[in-house]
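Below you'll find the structure, written out as structure tokens, and then a few comments.
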Amino acid sequence: MGRHSFRFVSSLLGLLTLLVAGCPPLSADEFRTPSLTALRVDWRVALDQLRSEINAHPAVAGDFVFTQRRSVGRFDPRALPALVQLNGVSSQFFSGIARSSVPVLLPFDAAAYLDAQRSGAPANMSLVRYQFDFSPADLFDAGPAGYDAVFSLEPGAGDGLPQRVFAKPVEVQITGSALIYDLADPAGGKGEPVKSLAGQYPDLRRFIREGYVRYAFSRFGAAYVVSIQCLDSVAKPRRLACKEAYPVAERFLKALHVAGGQRTRPLTDVASEMVDRPLGRSADFGYRPSGDIIPNTGYRKQAGHPDVMAYAQIRFPLAKAPAFVRSQSYGKRDKMEGPAAYPWRDNFCESRSFEVWQCPGGYGHQGEDIRAADCAANTDAGERCDPKQRSVVAVRDATVIRGPKDQAATLQINSRTEHIRFRYMHMNPSAMNADGLVNGRIVSEGEKIGVISNYLDHPGGTSLHLHFDVQVFTRDGWIWVNPYITLVSAYERLIRGRGREIGPEVAGAAQPLAHALPEDAVKPDQREGASNEEN
């Protein structure tokens with residue numbers, strides 16, 4: 001299945017080129033899910049590479065059985081004994097590695113590790129020796145779509161690397177996936193070759209995108225991306241320059257070995273579908289069109305980007321309605337809305353210093369700001385309302401991605417039909433640590449994972465709200481997409497009523513005052529800008 005594009009006709013916004021392929025035009029009152037391409041993994045090639053890596057250590061080569069067993073089904077793990085044996089070694093350090101549907105490439109030499117054990121190395125020998133100086137994985141998550149892992153390189157580690165100005169560990173992320181989201185992405189697929197790695201990775205592309213230097217390549221039919229968050233600027237002690245990240249990423253790429261995974265039934269392409277929405281209309285819920293940001297609040301006063309894609313069917317991230325998607329940085333400029341909290345308004349492309357490919361100027365907010373209603377409008381009989389105790393819940397059953405110092409928590413879905421991330425911001429890190437909301441935790445849809453807060457680098461650093469965003473995996477790695485319609489659709493399910501799109505020609509008319517603006521409305525100079533964790 002190739003990459004295509006859908007074209008949608010909106011009576012209010014005209015012809016819009018959107019992100020998914022092959023469907024008839026939609027009316028302004030219809031949403032679609034994205035389509036995904038399933039890649040076919042060639043496990044024979046992966047086994048050939050594994051055999052070569054194992055044979056480099058003759059002392060252990062005889063322990064691995066590469067003859068395929070014909071007495072069991074093709075997708076029975078026992079059909080490939082060498083993989084079962086490899087997973088047995090690697091799973092000591094990378095839990096669940098056999099769940100990956102693609103060959104897991106990691107900077108871990110399993111054969112060298114076994115060889116050292118056979119030579120009498122102590123049982124507690126340092127794993128770093130067999131990970132080419134990279135620290136034990138901060139995160140490893142595997143599933144039917146593939147796997148994700150995060151490693152770090154401490155300052156001064158790595159023989160032969162140039163000295164760097166950045167004084168902290170460099171975090172390296174790798175994802176291997178058999179699912180690719182089909183996006184009409186004009187910036188996708190670009191990059192430059194890396195001559196020093198051309199022999200090992202013939203199709204390797206290096207490029208800087210959305211705050212990361214990325215190295216994308218194909219292997220065994222699957223898509224892999226290695227990335228490091230950095231700034232395309234001069235080196236500073238507290239900010240990693242991308243040129244400082246290059247040698248770290250390339251050391252990582254040179255160190256990759258087949259570490260595990262398991263052949264499974266091939267995934268199938270996921271077709272775009274119409275989103276099911278409630279038949280009954282909500283009495284008060286209204287929303288302005290996707291891309292209709294407050295005038296002159298985009299980068300260099302450019303407009304937003306219309307996107308009527310619901311990227312996933314999720315539970316709304318706040319426990320209770322009413323809730324409002326609206327700007328926290330430019331709310332006082334929104335003269336169309338006046339004091340009303342409805343209709344919602346997209347703020348994905350509001351001006352920030354973050355690169356966002358969908359936004360016309362190339363920079364934007366990355367996600368949407370969500371505010372709970374004021375207490376007077378949201379107090380149940382007999383229940384005392386505390387504005388600082390509004391529950392935030394998991395949008396899906398998911399795996400948590402978050403280090404103990406992070407002020408953002410990400411939930412990741414890795415299934416046969418999705419490889420997607422949902423990020424929550426502004427909850428206090430100490431509170432998240434106390435709740436155990438850290439790397440690897442499994443949460444259930446609707447489970448409370450925190451409360452709406454105002455943390456941005458420090459308590460009280462922003463207004464009281466939740467920032468929510470969505471990333472999907474592509475051949476360029478994880479990139480941000482506009483979650484506005486995803487949230488509209490989720491909110492309709494929460495309130496069991498279809499919202500009404502309010503177009504520009506009626507936006508200035510008097511609208512029902514559903515709820516008063518909360519008293520802690522954002523000040524004009526309180527913007528979400530400059531946190532490194534928000535990239």
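The values are calculated or read from the model by the stated rules, or taken from the named source; none is laboratory data. Note that the structure is a prediction, hence the values are computed from the model and not measured. In this analysis, Cβ positions are derived from the backbone assuming ideal geometry, glycine residues included, and neighbour counts consider all displayed protein chains.
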Considering only the range 180-220, state which residues are within 19 Å of the chain's Cα centre (by Cα), buried (at least 21 other Cβ atoms within 10 Å of the Cβ) and charged (D, E, K, R).
Asp182, Glu210, Arg214
Please enumerate the residues belonging to the range 263-283 that are small (Gly, Ala, Ser) and surrounded by 12 or more Cβ atoms within 10 Å (Cβ to Cβ).
Ala271, Ser272, Ser282
Scanning the range 229-249 residue by residue, those in a strand (DSSP E or B) and farther than 12 Å from Lys168 by Cβ turn out to be Leu231, Ala241
In the range 55-98, residue farthest from Gly221 (Cα to Cα) [restricted to those that are of a type in the set (Ser, Thr, Tyr) and surrounded by fewer than 20 Cβ atoms within 10 Å (Cβ to Cβ)]
Ser71
Here the qualifying pairs (Cβ atoms under 7 Å; residues six or more apart or on different chains; first in the range 58-77 and at negative phi and touching a residue at least 60 places away in the same chain (Cβ under 8 Å); second exposed (fewer than 12 other Cβ atoms within 10 Å of the Cβ) and part of a loop (DSSP other than H, G, I, E, B)) come out as Phe75/Arg265
When residues of the range 284-331 are limited to those that are of a type in the set (D, E, K, R) and within 25 Å of Val451 (Cα to Cα), the one surrounded by the fewest Cβ atoms within 10 Å (Cβ to Cβ):
Lys320
Restricted to the range 104-135, and to residues that are out of contact with any strand residue (DSSP E or B) (no Cβ under 7 Å at 6 or more places or on another chain) and of a type in the set (D, E, K, R), which residue is surrounded by the most Cβ atoms within 10 Å (Cβ to Cβ)?
Asp115
Residues in the range 260-278: is at least one within 30 Å of Thr462 (Cα to Cα) and out of contact with any helix residue (DSSP H, G or I) (no Cβ under 8 Å at 6 or more places or on another chain)?
no
Would a scan of the range 203-220 turn up a residue that is touching a residue at least 60 places away in the same chain (Cβ under 8 Å), closer than 21 Å to Gln163 by Cβ and either among the hydrophobic types (A, V, I, L, M, F, W, C) or not assigned by TED's automatic domain parsing to the domain that holds Arg164 (or both)?
no
Note: among Ser52, Ser35, Ser101, just one is under 27 Å from Phe151 (Cα atoms), surrounded by 13 or more Cβ atoms within 10 Å (Cβ to Cβ) and polar (S, T, N, Q), namely Ser101
Check the range 223-242 and report whether any residue there is of a type in the set (Lys, Arg) and either under 23 Å from Val45 (Cα atoms) or at pLDDT 95 or above (or both).
no
When only residues in the range 79-98 that are in a helix (DSSP H, G or I) and among the polar types (S, T, N, Q) count, which is farthest from Arg416 (Cα to Cα)?
Gln85
Is it fair to say Glu244 is in the same structural domain as Leu86 (by TED's automatic domain parsing), touching a residue at least 24 places away in the same chain (Cβ under 8 Å) and in contact with a Lys or Arg (Cβ under 8 Å, 6 or more places away or on another chain)?
yes
Name the pairs whose Cβ atoms lie under 9 Å apart, with the first residue in the range 120-142 and over 23 Å from Ser177 (Cα atoms) and modelled with pLDDT under 85, the second of a type in the set (Gly, Ala, Ser) and not in a strand (DSSP E or B), and 6 or more positions between them or separate chains?
Met125/Ala116
Subset of the range 221-241, residues without any contact (Cβ under 8 Å) to a residue 12 or more places away in the chain and among the small types (Gly, Ala, Ser), comes to Ser233
Mind telling me which of the residues Asn439, Asn414 ends up being in the same structural domain as Ser327 (by TED's automatic domain parsing) and either closer than 21 Å to Met274 by Cα or surrounded by fewer than 23 Cβ atoms within 10 Å (Cβ to Cβ) (or both)?
Asn439
Looking at this structure, is Ser101 part of a loop (DSSP other than H, G, I, E, B) and in the same structural domain as Arg209 (by TED's automatic domain parsing)?
yes
